[in-house]
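> Got a structure for you, questions after.
The values are calculated or read from the model by the stated rules, or taken from the named source; none is laboratory data. Remember, it's a predicted structure, so these values are computed and weren't measured experimentally. So basically every Cβ, Gly included, is an ideal-geometry build from the backbone, and we count neighbours across all protein chains shown. Side chains included, ligands, DNA and RNA excluded: accessible areas come from the protein's heavy atoms. Shrake-Rupley method; radii C 1.70, N 1.55, O 1.52, S 1.80 Å.
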Amino acid sequence: MTWGFPLAQRVGGDVATLVAARTQAAVTRASGQLRRDQQALDAQRARIDRLIGTASTALSAHVAPPPLPS
């Protein structure tokens, strides 16, 4: 979970800024920043998912599981 903390915190702040925006210009700025930070968080999540997938594949024995008793 710590991998996402800094970006997730920024996204949370962006949401608060967007909710508090009072003018269309402020909404536009806040929406843009939120979109950019969400994209950064999604990219980080994709990198972590790839690392986990690689590790999972590397640790797999690639053999059939033992037969269950009948």
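> Count, please, the residues in the stretch 1-50 that happen to be assigned to a loop (DSSP other than H, G, I, E, B) and of a type in the set (D, E, K, R).
Total meeting the criteria: 1.
> Could you look through the stretch 25-48, keep only residues that are out of contact with any helix residue (DSSP H, G or I) (no Cβ under 7 Å at 6 or more places or on another chain) and open to solvent by less than 30 Å² (accessible area, probe 1.4 Å), and pick out the one that is farthest from G4 (Cα to Cα)?
This residue is A26.
> Would you check if R22 is modelled with pLDDT of 90 or more and either touching a Leu at 6+ places or on another chain (Cβ under 7 Å) or surrounded by 13 or more Cβ atoms within 10 Å (Cβ to Cβ) (or both)?
Judged against the criteria, R22 is not a match.
> Still on this structure, I have one more. Output the residue which, of all residues in the stretch 1-19 that are under 10 Å from the mean Cα position of the chain (by Cα) and surrounded by 12 or more Cβ atoms within 10 Å (Cβ to Cβ), is modelled with the lowest pLDDT.
W3
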